[in-house]
Amino acid sequence: MIRSPKFAALLASAVLPLSACATTTNNYNYSDGLSAAGEPDAQTPAKAKNVILFIGDGMGISTITAARIYAGQKRGQTGEEYVLPFEAFENVALVKTYNTNAQVPDSAGTATAMHSGKKTRIGVLGIGPDAVRGDCASALANPLPLLGEEVKAKGLALGIVSTARLTHATPASVYARSADRNWEADAAIPEDQQGLGCDDIASQLISAEWDVALGGGLAAFFGSEFGGRRADESANLPANWAARTGGSFVRDAAELAAAPMDKPVLGIFSPSHMTYMAQREETSAEPTLTDMTAQAMGRLQSDPDGYYLMVESGRIDHGHHAGRAGWALEETVEFARAIQYAIDNTDPEETLILVTADHSHVFTIAGYPRRGNDILGLVVPPAEGGEEVAEAATAEDGKPYTTLGYGNGPGSIANMAERPMPETGVNAQQQSAIPTGSETHAGEDVALYAQGPGAGEARGVMEQNKVYDIIRKAFGWE
């Protein structure tokens, strides 16, 4: 493979600090000239050579707004005027995220919608809404098309990048079908569902065809070393994959950078999810999301037929679930950095870049803080805001509160005899109204931003499964 010195320099600079239910066959033959719906493919040439789908897990509108301010303030600005890279895209839509049986969705159902073209139930992957969660037989009877399979059948390169486990819901939606999103390793499949033809999600990743897969989740792929697999204590699925494909299995950033560029690469960098950016040490051996995005693009771009790359910032969601807005915002800032790298290193005439979220969170921006107020701090009103605004900066218990908060979560003040002083800063746990062990998703629409061939399809208010149609149409498959 041939690369220009300019590209090599850009790639080198980017990596510096800054399931499963599977059948042996499926009902979708992507090489026979038919679409997943059984209709002849359009005879028009492909409009996009490459498509990159960036999914900020849990990145609702309030998260984008807060991250915009946070990113600007990190640069010494007041923050409100700052523009995240994808906010400059001219094509924007609102996306409805509900699952077929849930007003407020989960990542499995929403990611399946984007990678299969059909909405489905909460908690399942790559199977239709008629399947029963946790039932292997019904899952086998209701497979959906998978975009990852079609990409490979059409001769394109395929990449999957996530800061979550590679077997987690969003990355798994590219390649896996599962009656339950939690069947990440064979040990997670209930006894009464074993031996019925359903493979765990980690096994499906190892048997699937793809070119680059980078993320966390070592435990699901090993036996005694990490204890995730039950059937064989000596299990080493990455070794099996490397023997089958001739690819490289890597476990840190240095090994990833050194791996041959003309061979597939599987990078799994942590036992479970990767480290939060807010907790990351300078000496960390893990690559950042931008590092992984750069490596994936550098490897996929050599395919003359083009590529599909899904990049997930999985820990935005986890930071919110923990009720720690600073963690979620740091992840969002790194997500924006990875998007900026993609913008800078692709041709907008041939690469469609989509940026969206799978769902939102019950995350609020409240009070009447003055312009430039610390987004992770207490509400401080503008001097000329008037008496009513000034009074609103203090709660009825006489204590201040933070601009950011949650409708529910582990930081709940419900049933407390006395509300404590709120924490501030990047590691603070924000206060919430309803006591839950984990903050929950929210049901409002999320945004879709688009740039490149086919970007004009992102407009108005649309169903989430239409993201799949936008991608296929951009490739010229419809």
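The values are calculated or read from the model by the stated rules, or taken from the named source; none is laboratory data. None of the values given here were measured: they were computed from a predicted structure. Neighbour counts are summed over all protein chains in view; Cβ atoms, including those assigned to glycine, are modelled from backbone coordinates with ideal geometry.
Could you go through segment 390-404 and let me know if any residue there is within 19 Å of Glu439 (Cβ to Cβ), among the acidic types (Asp, Glu) and at pLDDT 95 or above. Spell out the reasoning first.
Kept after step one, since they are within 19 Å of Glu439 (Cβ to Cβ), are these residues of segment 390-404: 401-404.
Then keep just the ones that are among the acidic types (Asp, Glu); that gives none.
No: segment 390-404 contains no residue that is within 19 Å of Glu439 (Cβ to Cβ), among the acidic types (Asp, Glu) and at pLDDT 95 or above.
Would you point out the residue of segment 216-251, among those that are touching a Pro at 6+ places or on another chain (Cβ under 8 Å) and part of a loop (DSSP other than H, G, I, E, B), that is nearest to Gln295 (Cα to Cα)?
The residue in question is Gly247.
Which of the residues belonging to segment 230-260 are among the small types (Gly, Ala, Ser) and at pLDDT 95 or above? Quick ask: steps written out before the conclusion?
Narrowing segment 230-260 to residues among the small types (Gly, Ala, Ser): 231, 234-235, 239, 242-243, 246-248, 253-254, 257-259.
The answer is Ala239, Ala242, Ala243, Gly246, Gly247, Ser248, Ala253, Ala254, Ala257, Ala258, Ala259.
What number of residues within segment 404-439 satisfy the criterion of being of a type in the set (A, V, I, L, M, F, W, C) and closer than 18 Å to Asp374 by Cβ? Explain how you work it out, then say what you get.
Our first condition is that a residue be of a type in the set (A, V, I, L, M, F, W, C); within segment 404-439, this holds for 404, 413-414, 416-417, 421, 426, 428, 433-434.
Applying the additional criterion that residues be closer than 18 Å to Asp374 by Cβ yields 404, 421, 426, 428.
Residues in segment 404-439 being of a type in the set (A, V, I, L, M, F, W, C) and closer than 18 Å to Asp374 by Cβ: 4 in total.
Just to be sure I understand, how many residues within segment 355-400 are under 30 Å from Thr120 (Cα atoms) and surrounded by fewer than 21 Cβ atoms within 10 Å (Cβ to Cβ)?
1
Looking for something in contact with a helix residue (DSSP H, G or I) (Cβ under 9 Å, 6 or more places away or on another chain), part of a loop (DSSP other than H, G, I, E, B) and in the same structural domain as Pro85 (by TED's automatic domain parsing) - is there at least one such residue anywhere in segment 454-463?
Looking for residues that are in contact with a helix residue (DSSP H, G or I) (Cβ under 9 Å, 6 or more places away or on another chain), part of a loop (DSSP other than H, G, I, E, B) and in the same structural domain as Pro85 (by TED's automatic domain parsing), one finds at least one in segment 454-463, hence yes.
Mind checking which residues of segment 79-99 are buried (at least 16 other Cβ atoms within 10 Å of the Cβ) and either among the β-branched types (Val, Ile, Thr) or part of a loop (DSSP other than H, G, I, E, B) (or both)?
Gly79, Tyr82, Leu84, Phe89, Val92, Val95, Thr97, Tyr98, listed by residue number.
Within segment 265-381, considering only helices (runs of 4 or more DSSP H) that don't extend past its boundaries, which have at least 3 residues that are over 24 Å from Gly58 (Cα atoms)? Before the answer, list the steps.
Working: elements: 289-300, 315-321, 325-344.
Output list reads 289-300.
Got a sec? Which helices (runs of 4 or more DSSP H) wholly within segment 145-210 have at least 3 residues that are under 12 Å from Met310 (Cβ atoms) and at pLDDT 95 or above?
Values: elements: 147-153, 169-172, 201-207.
By residue number, 147-153, 169-172.
Considering Ala243, Ala258, which residue is assigned by TED's automatic domain parsing to the domain that holds Ala157, closer than 27 Å to Gly126 by Cβ, out of contact with any strand residue (DSSP E or B) (no Cβ under 7 Å at 6 or more places or on another chain) and surrounded by fewer than 18 Cβ atoms within 10 Å (Cβ to Cβ)?
Working: Ala258 fails: closer than 27 Å to Gly126 by Cβ.
Among Ala243, Ala258, only Ala243 is assigned by TED's automatic domain parsing to the domain that holds Ala157, closer than 27 Å to Gly126 by Cβ, out of contact with any strand residue (DSSP E or B) (no Cβ under 7 Å at 6 or more places or on another chain) and surrounded by fewer than 18 Cβ atoms within 10 Å (Cβ to Cβ).
Select from segment 55-86 the residues that are touching a strand residue (DSSP E or B) at 6+ places or on another chain (Cβ under 7 Å) and over 14 Å from Ala357 (Cα atoms) and list them in ascending order.
Residue satisfying the conditions is Ala66 alone.
State yes or no: is Gly216 buried (at least 24 other Cβ atoms within 10 Å of the Cβ), in the same structural domain as Thr346 (by TED's automatic domain parsing) and either over 29 Å from Trp327 (Cβ atoms) or in contact with a His (Cβ under 7 Å, 6 or more places away or on another chain) (or both)?
Details: buried (at least 24 other Cβ atoms within 10 Å of the Cβ): yes; in the same structural domain as Thr346 (by TED's automatic domain parsing): yes; either over 29 Å from Trp327 (Cβ atoms) or in contact with a His (Cβ under 7 Å, 6 or more places away or on another chain) (or both): yes.
The answer is yes for Gly216.
Select from segment 49-63 the residues that are assigned to a loop (DSSP other than H, G, I, E, B) and surrounded by fewer than 24 Cβ atoms within 10 Å (Cβ to Cβ) and list them in ascending order.
Here is the first cut: in segment 49-63, the residues assigned to a loop (DSSP other than H, G, I, E, B) are 49, 57-60.
Answer for segment 49-63, where residues must be assigned to a loop (DSSP other than H, G, I, E, B) and surrounded by fewer than 24 Cβ atoms within 10 Å (Cβ to Cβ): just Lys49.
Looking for whichever is of a type in the set (A, V, I, L, M), within 27 Å of Glu444 (Cβ to Cβ) and in the same structural domain as Ala450 (by TED's automatic domain parsing) here; the options are Leu140, Leu147, Leu156, Leu166. Which one fits?
Details: Leu140 fails: within 27 Å of Glu444 (Cβ to Cβ); Leu156 fails: within 27 Å of Glu444 (Cβ to Cβ); Leu166 fails: within 27 Å of Glu444 (Cβ to Cβ).
Checking each option against the conditions leaves just Leu147.
Suppose we filter segment 93-119 for residues that are touching a Leu at 6+ places or on another chain (Cβ under 7 Å) and not hydrophobic (A, V, I, L, M, F, W, C); how many remain?
Of the residues in that region, 4 qualify.
Within segment 401-439, track down each residue that is surrounded by fewer than 19 Cβ atoms within 10 Å (Cβ to Cβ), within 27 Å of Ile339 (Cβ to Cβ) and not small (Gly, Ala, Ser).
Correct list: Val426, Asn427.
Please verify whether segment 101-121 includes one or more residues that are assigned by TED's automatic domain parsing to the domain that holds Tyr308, in contact with a Pro (Cβ under 7 Å, 6 or more places away or on another chain) and crowded, with 24+ Cβ neighbours inside 10 Å.
Yes, some residue in segment 101-121 is assigned by TED's automatic domain parsing to the domain that holds Tyr308, in contact with a Pro (Cβ under 7 Å, 6 or more places away or on another chain) and crowded, with 24+ Cβ neighbours inside 10 Å.
So that you can scan it fast, the table gives a plain yes or no per residue for (1) among the basic types (Lys, Arg); (2) in a loop (DSSP other than H, G, I, E, B):
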site: Glu388; (1), (2): no, no
site: Gly398; (1), (2): no, yes
site: Val426; (1), (2): no, yes
site: Gln429; (1), (2): no, yes
site: Tyr449; (1), (2): no, no
site: Arg472; (1), (2): yes, no
site: Trp477; (1), (2): no, yes
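For residues that are of a type in the set (A, V, I, L, M) and closer than 16 Å to Ile160 by Cα, tally how many sit in segment 228-252.
Restricting attention to segment 228-252, the residues satisfying the condition of being of a type in the set (A, V, I, L, M) are 231, 235, 237, 239, 242-243, 250.
Going one step further and asking which of them are closer than 16 Å to Ile160 by Cα, we end up with 250.
Qualifying residue count for the region: 1.
May I ask you to list the residues in segment 189-213 that are in contact with a Leu (Cβ under 8 Å, 6 or more places away or on another chain) and either within 30 Å of Ala294 (Cβ to Cβ) or among the small types (Gly, Ala, Ser) (or both)?
Gly197, Ile201, Ala202, Ser203, Leu205, Ile206, Glu209, Trp210, Asp211, Val212, Ala213 - these are the residues of segment 189-213 that are in contact with a Leu (Cβ under 8 Å, 6 or more places away or on another chain) and either within 30 Å of Ala294 (Cβ to Cβ) or among the small types (Gly, Ala, Ser) (or both).
I'd like the full set of residues that are crowded, with 19+ Cβ neighbours inside 10 Å, farther than 16 Å from Leu166 by Cα and of a type in the set (Ser, Thr, Tyr), limited to segment 279-327.
Thr290, Tyr307, Tyr308
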